[in-house]
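Structure, as structure tokens:
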There are 4 protein chains.
Amino acid sequence: MFFASDNSGPVPQAVLDALAEANQGYTLGYGADALMEEVRQRVRDVFEAPEAAVYLTATGTSANSLVLATLVNPYDTIFCSPVAHIEEDECNAPEFYTGGAKLTLVPGSDRIDPEALSRCIVSRAAGRVHGPQPGALSLTQVTEMGNVYSLDELRALCAVAKAHEIPVHLDGARFANAIVSLGCTPAEMTWKAGVDVAVFGGTKNGLMGVEAVVFFDPAHAWEFELRRKRGGHLFSKHRYLSAQMAAYLRDDLWLSLAQRANANTARLLDGVRASNRVEIVNDVTANMIFFDAPRDLHQALRRGGAVYAISGGSVDEGPADGILQGRLVCDWSMPEENIDAFVSLLNRL
Amino acid sequence: MFFASDNSGPVPQAVLDALAEANQGYTLGYGADALMEEVRQRVRDVFEAPEAAVYLTATGTSANSLVLATLVNPYDTIFCSPVAHIEEDECNAPEFYTGGAKLTLVPGSDRIDPEALSRCIVSRAAGRVHGPQPGALSLTQVTEMGNVYSLDELRALCAVAKAHEIPVHLDGARFANAIVSLGCTPAEMTWKAGVDVAVFGGTKNGLMGVEAVVFFDPAHAWEFELRRKRGGHLFSKHRYLSAQMAAYLRDDLWLSLAQRANANTARLLDGVRASNRVEIVNDVTANMIFFDAPRDLHQALRRGGAVYAISGGSVDEGPADGILQGRLVCDWSMPEENIDAFVSLLNRL
Amino acid sequence: MFFASDNSGPVPQAVLDALAEANQGYTLGYGADALMEEVRQRVRDVFEAPEAAVYLTATGTSANSLVLATLVNPYDTIFCSPVAHIEEDECNAPEFYTGGAKLTLVPGSDRIDPEALSRCIVSRAAGRVHGPQPGALSLTQVTEMGNVYSLDELRALCAVAKAHEIPVHLDGARFANAIVSLGCTPAEMTWKAGVDVAVFGGTKNGLMGVEAVVFFDPAHAWEFELRRKRGGHLFSKHRYLSAQMAAYLRDDLWLSLAQRANANTARLLDGVRASNRVEIVNDVTANMIFFDAPRDLHQALRRGGAVYAISGGSVDEGPADGILQGRLVCDWSMPEENIDAFVSLLNRL
Amino acid sequence: MFFASDNSGPVPQAVLDALAEANQGYTLGYGADALMEEVRQRVRDVFEAPEAAVYLTATGTSANSLVLATLVNPYDTIFCSPVAHIEEDECNAPEFYTGGAKLTLVPGSDRIDPEALSRCIVSRAAGRVHGPQPGALSLTQVTEMGNVYSLDELRALCAVAKAHEIPVHLDGARFANAIVSLGCTPAEMTWKAGVDVAVFGGTKNGLMGVEAVVFFDPAHAWEFELRRKRGGHLFSKHRYLSAQMAAYLRDDLWLSLAQRANANTARLLDGVRASNRVEIVNDVTANMIFFDAPRDLHQALRRGGAVYAISGGSVDEGPADGILQGRLVCDWSMPEENIDAFVSLLNRL
């Protein structure tokens, strides 16, 4: 019963097959392989963006940080939510790659509120030399709390950014899960809503470690290439990244995998809700469930073999009725019996 | 006839098999996978260094830059050869990762001369606040010109570094080729000679993109981990790096691959020498041949289907007898018929 | 009626005299001048810290940023108040100098609460590779809102930092005003309370642009010197900085100046309070008064010739009864007639 | 007999007077003072550049580094001479401010040769992602070896830069000495020759610590302002920088001071040449004399009270006839009796 993360499971056989297939003969490196040409074209098709510049990196942190470094100056600030991955989980990678730009946390929750954003941008007064300049808006879809912005919400946030003339970055580590949740097109969730650069994540949805970066305006493409190289993120044997992403895009594998992950989560949610043992705290429409429960319940789940992240304090020490927050994540590969076993365990407690 | 690089060929089947084998069930990410424990132990055995801290990254540039950033301060300078990869081919990655440390090029060739090194360190006077401080010595083995330092040479260079109290980094992108060339142990070529941190390259010798970083003194291990994360080089699905490196180390696969690469090169060298058509300019004991030849010979080789790097000017334009330098690289997978075809072509011209 | 800042007025004659006196003959540069030796000794005496390392820079931003860069690693985070000068008014200088360390804003006001600090440090879990590591605590005394931490408050905050093994930086742009307010010794307000490095500001208290940096533990002194040089903050003609600071320290000039500034502010406060026209929002014990007042009152004060900073919205546009915040600052040189004129104006409105 | 540097002497009385005169009442800070408006206009007049953006900083290192950071990207390289101040004497400040750009040393001497420069730029192939991109050319006038580029030489170097589409920075720490040496106008030595940004040094020619940065194209002006603030180089009490530079520009004080420095050096040169005791190794047309002499002569000069920089080895230890290089620098304030005393001493030995 391993619900700790969507980066803990295996990759589908198609990805292994694609690696084996790509493993033939000699080819040019550094992104000049033929498979990358296929990837580039397919990504453009998927996003209905025939001019888009498309690149691959192997980690989400590098994808996000390289994009932000391309979008902002070192004397700028990036607006994001207080629980953004770039703020909490990247060990200052955005500050490193941007040369010291600042993150400004928009007060509120994981879902940025447009009015709060607007006030926040105004507070970093553009044109005032003493403070950082407004640089970019960074959104996460699915958010770090498992919520999904509606298209209207995305449009409203991008409109605020545009009104202040700053570009929008979309951290799409769970891009596919959001698409499945919203039932919209990638174009609708990105450039049609006002997003300038999207990270189209593969790693959390079935690849070994590949993210596609999509610049809808290719003006910054060459700068991105240089920054990727300078960051040590340009692969000499690039075909092994290309092959994975190509497999991901063929026959909409990326969508199938996310459908499975979201469906697994819905099944889990049904069981958890029916148990009436815990309080669900997020809108579960993608592949993560956040719930509050007393410490002793978490302890019992752990003892029963459930593995998942818990925050808010020590699981082992503290009052039995202290409330801690659990996070359950399902990926595409989660066996139904694991889901059912967890629900059974919960009901037994 | 593809002799352009040792990063252009396929990986051995054992690596694909290892990926498939690792692709089972759930596992902890970020280096906490069981395979990494195997890797760590095997690397320590191979290097006879039971205390060593061992890490994986996916590119040579990241491995080198992260190590250098761990070894030096931003106000320091790194001593290297004028043709070092870190100087010419990493788009300022060392400067980026170190926060702006300087590279000081020791006058001379790809093989640093100990006396020149000593003068160079003295010229960057330690304790003088106006100039950068001596920070580290960076050696490349096999060098970028295909030469191999002898153990005596390595010891002499490390002794100079030690005399000035700076640590030694070994860029071992072709570590295995050097070991095969010298017929020595990894310990002899590293810590026994005075090397403090070695990059044990896998990418140019049969892996998809994995390098092991070996700190013989683990004092800086935690700092390295934080810098790796901050650089976006910590893989969530780390098992796919571990699996490759584990396969590489099992049954001395790494040595077998390098033996084949070096043997391929020796076969090519024999043919090229016998042709008497070009001038070999390096000591060919590993897997690279550098040779001088007139422009029209290079043109004819290209027309004949040979692919390899040429430097010193335009191949297409200029006097027919202008001398340009060619580089022929063989990896483990180079078919003998390709080698023989190249030699035949050369002899026909 | 210029109350905009304590960096807007003239310097006392003693400073000009000191410059003229120092302007004789040849002397060594870069801090090797004899006057710097006097400064170093006097600072040590003033702080009862015979081992302290003492340096001068010309701006507060450089002093703060260089200190922080010396104290923390680029993968660390610095804890400070949400309105700290290093967060709002230094255009990312701390991020720049530290190589990309992050500022973590302790929720609350300008005066950091020890419990909030403790929770905040815990939330940046030391030893977790994904997030920044706790790096340092930065306190501002006098705070940016004109408040003064008591010695007990300082001790409690430093104790929290020490419990988490992070050092404490004191931004003392208005150090002297705080000393006068508290009636304590510099030692009591710094190392005896747990401060590791203090910036002893001169610029806002009568110098042209000189701040002293005091490391109570000289272990990092040489690193600071290199960082200062690398930042372009080491003056060749250092004697002109030394001369100012020497004059500042002679005959307790620094205390006299701050006493005058604080006394001017107290006189202004008396008048403003008696007027009953505005609401004072900070504890006025140093040299800044923050007050809330409706927009039309601010407009009338401006028309009447009062110059001071106003925040919270446009002075010119908006409802007449909208509340905006004003800041009145007095330096040592503020003429009493200006103070009285402002109070008269306020009473007339 | 102090010939160690032109940053060791006093400032002229006019500078002290200007400080005293500026020390009246309240004024806006951060460059918004009225004196800065005068400075801006006078600099534009002096350079015949009515559109130029003009800024002040307090040190040459900050001026050079901030300009370079404004001109190049972190993945670029700056071409300079092997003895450039930015390479040898700024403790990696250019690398720091540019975010890790590399310096590429054009082989040769202090005076860059246009052909060598051209080859060097070509070797850093623009458009090749693996290496740094050509970013800027940095020239020093007067060079660090006391030589002065002719206008033809400057034009030829700038033409090479323009042909490769990179901008030109002029490090003019001794700008005035060069103007006096060449007898040309500031416009001829800068934008008319192809220089894009000039540092017009004041510190080595009679100010306490003020350099003017002159962007002939103001496109990057705002970026420079933000970088200056971020570097901690924006002075709150800016009037004290403005006042010095204003005095420097009034009545051509800057030219008079440089004429005196150069004349002092010419007088010293005459005496040294006539002595026939040492070998002059540079073209002495500005204010520095470099000469070779045996160790025992240097020792005797030192014993006789002469203070100057010596390079090439230890003065105290080594063979008596070992050749070391001495550097004699005269500033505007050098008393003629000191010059004559040095010559007498030399003749006596």
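The values are calculated or read from the model by the stated rules, or taken from the named source; none is laboratory data. Here the structure is a predicted model, which means the values were calculated and not measured. Cβ: placed from backbone, ideal geometry, glycine included. Neighbour counts: every protein chain shown.
Within the bounds of region B:207-220, is there any residue that is free of Cβ contacts under 8 Å to residues at least 24 places away in the same chain and within 30 Å of C:P132 (Cβ to Cβ)?
So in region B:207-220, the residues free of Cβ contacts under 8 Å to residues at least 24 places away in the same chain come out as B:219.
Narrowing the set further to residues that are within 30 Å of C:P132 (Cβ to Cβ) leaves B:219.
Yes, some residue in region B:207-220 is free of Cβ contacts under 8 Å to residues at least 24 places away in the same chain and within 30 Å of C:P132 (Cβ to Cβ).
Among the candidates C:V284, C:V272, which residue alone is touching a Ser or Thr at 6+ places or on another chain (Cβ under 9 Å), away from chain D (no Cβ under 12 Å) and crowded, with 20+ Cβ neighbours inside 10 Å? Break it down into steps so the answer makes sense when it comes.
Details: C:V272 fails: touching a Ser or Thr at 6+ places or on another chain (Cβ under 9 Å).
Result of the check over C:V284, C:V272: C:V284.
Which one of these is in contact (Cβ under 8 Å) with a residue 12 or more places away in the chain, touching a helix residue (DSSP H, G or I) at 6+ places or on another chain (Cβ under 6 Å) and in the same structural domain as D:G172 (by TED's automatic domain parsing): D:N73, D:N64, D:N92?
Step by step, each of D:N73, D:N64, D:N92 is checked, and only D:N64 is in contact (Cβ under 8 Å) with a residue 12 or more places away in the chain, touching a helix residue (DSSP H, G or I) at 6+ places or on another chain (Cβ under 6 Å) and in the same structural domain as D:G172 (by TED's automatic domain parsing).
Hey, can you tell me all the residues within region C:130-165 that are of a type in the set (G, A, S) and under 12 Å from the mean Cα position of the chain (by Cα)? I'd like the intermediate steps shown before the answer.
First, pick out the residues of region C:130-165 that are of a type in the set (G, A, S): C:131, C:135-136, C:138, C:146, C:150, C:156, C:159, C:161, C:163.
Listed by number, the residues that qualify are C:S138, C:G146.
Can B:L241 be described as within 11 Å of chain A (Cβ to nearest Cβ), part of a helix (DSSP H, G or I), aliphatic (A, V, I, L, M) and touching a Cys at 6+ places or on another chain (Cβ under 7 Å)?
Working: within 11 Å of chain A (Cβ to nearest Cβ): yes; part of a helix (DSSP H, G or I): yes; aliphatic (A, V, I, L, M): yes; touching a Cys at 6+ places or on another chain (Cβ under 7 Å): no.
No, not satisfied.
Scanning for something part of a strand (DSSP E or B), at pLDDT 95 or above, buried (at least 16 other Cβ atoms within 10 Å of the Cβ) and not assigned by TED's automatic domain parsing to the domain that holds D:A221, does region D:308-321 turn up at least one residue?
Yes: one or more hits.
Restricting attention to helices (runs of 4 or more DSSP H) lying wholly within region B:1-96, give those where 2 or more residues are within 30 Å of A:F2 (Cα to Cα), modelled with pLDDT of 95 or more and within 8 Å of chain A (Cβ to nearest Cβ).
Working: elements: B:13-22, B:34-46, B:60-71, B:85-88.
Helices (runs of 4 or more DSSP H) meeting the threshold: B:13-22.
Can you tell me which residue within region A:97-123, out of those that are aliphatic (A, V, I, L, M) and in a loop (DSSP other than H, G, I, E, B), is farthest from A:M145 (Cα to Cα)?
Here is the first cut: in region A:97-123, the ones aliphatic (A, V, I, L, M) are A:101, A:103, A:105-106, A:112, A:116-117, A:121-122.
Those left that are additionally in a loop (DSSP other than H, G, I, E, B): A:101, A:106, A:112.
Working: A:A101: 25, A:V106: 16, A:I112: 12 Å.
By that ranking, first place goes to A:A101.
Would you check if B:F224 is closer than 27 Å to B:R42 by Cβ and either more than 21 Å from the chain's Cα centre (by Cα) or away from every other protein chain (no Cβ under 14 Å) (or both)? It would help to see each step written out before you state the result.
Numbers: closer than 27 Å to B:R42 by Cβ: yes; either more than 21 Å from the chain's Cα centre (by Cα) or away from every other protein chain (no Cβ under 14 Å) (or both): no.
The answer is no for B:F224.
Out of D:V180, D:V195, D:V214, D:V210, which single residue is buried (at least 23 other Cβ atoms within 10 Å of the Cβ), under 16 Å from the mean Cα position of the chain (by Cα), more than 14 Å from chain C (Cβ to nearest Cβ) and under 30 Å from C:S5 (Cβ atoms)? Break it down stepwise before answering.
Values: D:V180 fails: under 30 Å from C:S5 (Cβ atoms); D:V195 fails: under 30 Å from C:S5 (Cβ atoms); D:V210 fails: more than 14 Å from chain C (Cβ to nearest Cβ).
Within the list D:V180, D:V195, D:V214, D:V210, the selection yields D:V214.
Please pick out the residue among D:D171, D:D89 that is in contact with a His (Cβ under 9 Å, 6 or more places away or on another chain), within 30 Å of D:R230 (Cα to Cα) and surrounded by fewer than 23 Cβ atoms within 10 Å (Cβ to Cβ). Reasoning before the result, please.
Details: D:D171 fails: surrounded by fewer than 23 Cβ atoms within 10 Å (Cβ to Cβ).
Step by step, each of D:D171, D:D89 is checked, and only D:D89 is in contact with a His (Cβ under 9 Å, 6 or more places away or on another chain), within 30 Å of D:R230 (Cα to Cα) and surrounded by fewer than 23 Cβ atoms within 10 Å (Cβ to Cβ).
Is it the case that D:H85 is in the same structural domain as D:D171 (by TED's automatic domain parsing) and more than 30 Å from C:V210 (Cα to Cα)?
Details: in the same structural domain as D:D171 (by TED's automatic domain parsing): yes; more than 30 Å from C:V210 (Cα to Cα): no.
No; evaluated as a whole, the condition is false for this residue.
For region D:324-344, state whether one or more residues are of a type outside the set (F, W, Y), in a strand (DSSP E or B) and more than 20 Å from the chain's Cα centre (by Cα). Break it down into steps so the answer makes sense when it comes.
In the first step, residues of region D:324-344 are kept if they are of a type outside the set (F, W, Y); the result is D:324-331, D:333-341, D:343-344.
Within this subset, residues satisfying the condition of being in a strand (DSSP E or B) are D:324-329.
Those left that are additionally more than 20 Å from the chain's Cα centre (by Cα): D:324-325.
Looking through region D:324-344, at least one residue is of a type outside the set (F, W, Y), in a strand (DSSP E or B) and more than 20 Å from the chain's Cα centre (by Cα).
Does C:E188 satisfy the condition of being out of contact with any Pro (no Cβ under 9 Å at 6 or more places or on another chain), more than 10 Å from every other protein chain (Cβ to nearest Cβ) and in contact (Cβ under 8 Å) with a residue 24 or more places away in the chain? Spell out how you get there, then give the answer.
On the way: out of contact with any Pro (no Cβ under 9 Å at 6 or more places or on another chain): yes; more than 10 Å from every other protein chain (Cβ to nearest Cβ): yes; in contact (Cβ under 8 Å) with a residue 24 or more places away in the chain: yes.
Considered against the rule, which asks whether it is out of contact with any Pro (no Cβ under 9 Å at 6 or more places or on another chain), more than 10 Å from every other protein chain (Cβ to nearest Cβ) and in contact (Cβ under 8 Å) with a residue 24 or more places away in the chain, C:E188 comes out as yes.
Among the residues of region B:289-307, write down those that are outside any helix (DSSP H, G or I) and out of contact with any strand residue (DSSP E or B) (no Cβ under 7 Å at 6 or more places or on another chain). Give the steps one after another, and end with the answer.
Going residue by residue through region B:289-307, those that are outside any helix (DSSP H, G or I) are B:289-294, B:304-307.
Residues satisfying the conditions are B:G304, B:G305, B:A306.
Can you list residue pairs whose Cβ atoms sit under 7 Å apart, with the first residue in region D:333-349 being free of Cβ contacts under 8 Å to residues at least 12 places away in the same chain and the second being among the basic types (K, R)? Count only pairs 6 or more apart in sequence or on different chains.
That search, which allows pairs on different chains as well, returns nothing.
Surrounded by 24 or more Cβ atoms within 10 Å (Cβ to Cβ) and of a type in the set (G, A, S) - does that describe any residue in region D:35-50?
No, region D:35-50 has no match at all.
Quick one: in region D:102-133, which of the residues that are small (G, A, S) and within 14 Å of D:I166 (Cα to Cα) is nearest to the other protein chains (Cβ to nearest Cβ)? Working first, answer last.
Kept after step one, since they are small (G, A, S), are these residues of region D:102-133: D:108-109, D:116, D:118, D:123, D:125-127, D:131.
Keeping just the survivors that are within 14 Å of D:I166 (Cα to Cα) gives D:118, D:125-127.
Working: D:S118: 14, D:A125: 10, D:A126: 11, D:G127: 8 Å.
Filtering region D:102-133 for residues that are small (G, A, S) and within 14 Å of D:I166 (Cα to Cα), the one nearest to the other protein chains (Cβ to nearest Cβ) comes out as D:G127.
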